[in-house]
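Chemist: Okay, handing you the structure first.
None of the figures in this text is laboratory data; all of them are computed from the coordinates on show. For clarity, every value in this text was computed on a predicted model and none was experimentally measured. Don't worry about glycine lacking a Cβ; one is built from the backbone with ideal geometry, like all the others, and counts go over all protein chains shown.
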Amino acid sequence: MRKPVIAGNWKLFKSIGESTALINELKPLVAGAGNVEIVVAPVFTALNRVSDAASGSGINLAAQDCFWEEEGAFTGEVAPKLLKDAGCSHVIIGHSERRQYFGETDATVNKKTKAAMAAGLTAIVCVGETLEERESGRTFSVIEEQIQNSLAGIAPEGVAGLIIAYEPVWAIGTGKTASDEQAQEVHAFIRSLILNLFGQTASDAVRILYGGSVKPDNVKGLMGQADIDGALVGGASLKADSFAAIVNFGV
């Protein structure tokens, strides 16, 4: 059985004080959710303080990005080992906003994923198609290319420990959500790709999250699908009550 993952991407919101207040408000609301892996991803500046605040709660900490080198003349970048030092266990890589605004490519996602794994972090690798790509019937070809290139050169046992997040770009921050059936169709396709590229063990083990306007009122339907193993939550993760309701979807 794959343990469900509910991850909250706080994006560019919340000061250090606001971030620690949110985690402190969240802790008692999810204290009974031992059957779900909970991850939150604050801004870089709040990581260490949120790590301290979350200590002992079972809530895991993710960064929203990383670089692929351990150190060097790379102004503005943060290495995976430094994220680990700040208290992170996970890191989001290749989010569509990084691809759209900051030039992220499958090649850089691949390098970052390998670097994160080498540092002992669990990589949450994001893939997804734009509205134009979906409407032109290219969803599967886009996803296949992203998976093949982003995970190139990674051993099957490494892929088994990854988390993949399918985020249809047209559903991020728009209020639109893929139907349960649309999401399941792509998740099943991703799992079949992993099977063909990396084998049965990796396909059975890899957890695939859905991201794109996930809310308390649609999470149960999504989580009821065979190949959906959790959610990467944006706006609804910025309030403790709504994020806790998503974490506690099975209660």
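Chemist: Residue by residue through segment 2-10, what is 3J(HN,Hα) from phi via Karplus (6.51 cos²θ - 1.76 cosθ + 1.60, θ = phi - 60°)? Round to whole Hz and write x for glycine and proline.
Modeler: My calculation for segment 2-10 gives 8, 6, x, 10, 10, 10, x, 9, 7 Hz in order.
Chemist: Shifting gears a bit: Which entries of K11/K111; K84/K220; K176/K239; K11/K215 show an alpha-carbon separation above 25 angstrom in the structure shown?
Modeler: K84/K220
Chemist: Rank these for me by crowding, Y210, Y101, Y166, going from fewest to most other beta carbons within 10 Å.
Modeler: Starting with the residue having the fewest Cβ neighbours, the order is Y101, Y166, Y210.
Chemist: Next question, about the same structure. Stick to the Cα atoms of the chain, pair each with every other, and give me the Kirkwood hydrodynamic radius in Å at one decimal.
Modeler: 18.0
Chemist: Got a sec to turn the phi values of segment 167-177 into Karplus ³J(HN,Hα) couplings, 6.51 cos²θ - 1.76 cosθ + 1.60 with θ = phi - 60°, whole Hz, x for Gly and Pro?
Modeler: Karplus values, whole Hz, x for Gly and Pro: 10, x, 4, 5, 10, 8, x, 9, x, 7, 10.
Chemist: So, one more: Using all Cα-Cα distances in segment 9-140, what percent lands in each 10 angstrom bin from 0 up to the longest?
Modeler: Distribution as computed: 12, 39, 32, 15, 2 percent.
Chemist: Just to confirm a number: summing +1 for Lys and Arg and -1 for Asp and Glu over residues other than G175 whose beta-carbon lies under 14 angstrom from that of G175, what do you get?
Modeler: Neighbourhood net charge equals +1.
Chemist: Once you list every other residue whose beta carbon is under 10 Å from the beta carbon of S141, what net charge do they have if Lys and Arg are +1 and Asp and Glu are -1?
Modeler: -3
Chemist: Here's something else I'd like to know. Would you please classify the overall shape of segment 139-245 from the alpha carbon gyration tensor, given that a ≥ b ≥ c denote the square roots of the eigenvalues, rounded means a/c under 1.5, and beyond that prolate means a/b larger than b/c while oblate covers the rest?
Modeler: prolate
Chemist: Per residue and in Å³, how big is the convex hull formed by the alpha-carbon atoms of segment 29-105?
Modeler: Convex hull volume per residue, Cα atoms: 113 Å³.
Chemist: Check each of the chymotrypsin sites (Phe, Trp or Tyr not before Pro) in segment 27-94 and keep only those in coil by DSSP with at most 12 other C-beta atoms within 10 angstrom; list them in order.
Modeler: Those that pass, being in a loop and sparsely packed, are F74.
Chemist: Around I154, what is the net charge, scoring Lys/Arg as +1 and Asp/Glu as -1 over all other residues with Cβ under 15 Å from its Cβ?
Modeler: Summing Lys/Arg as +1 and Asp/Glu as -1 gives +1.
Chemist: Per DSSP helix of 4 or more residues, -39500 (n - 2.57); summed, then divided by the residues of the chain. What does that give at 222 nm, rounded to the nearest 500?
Modeler: -12000 deg cm²/dmol
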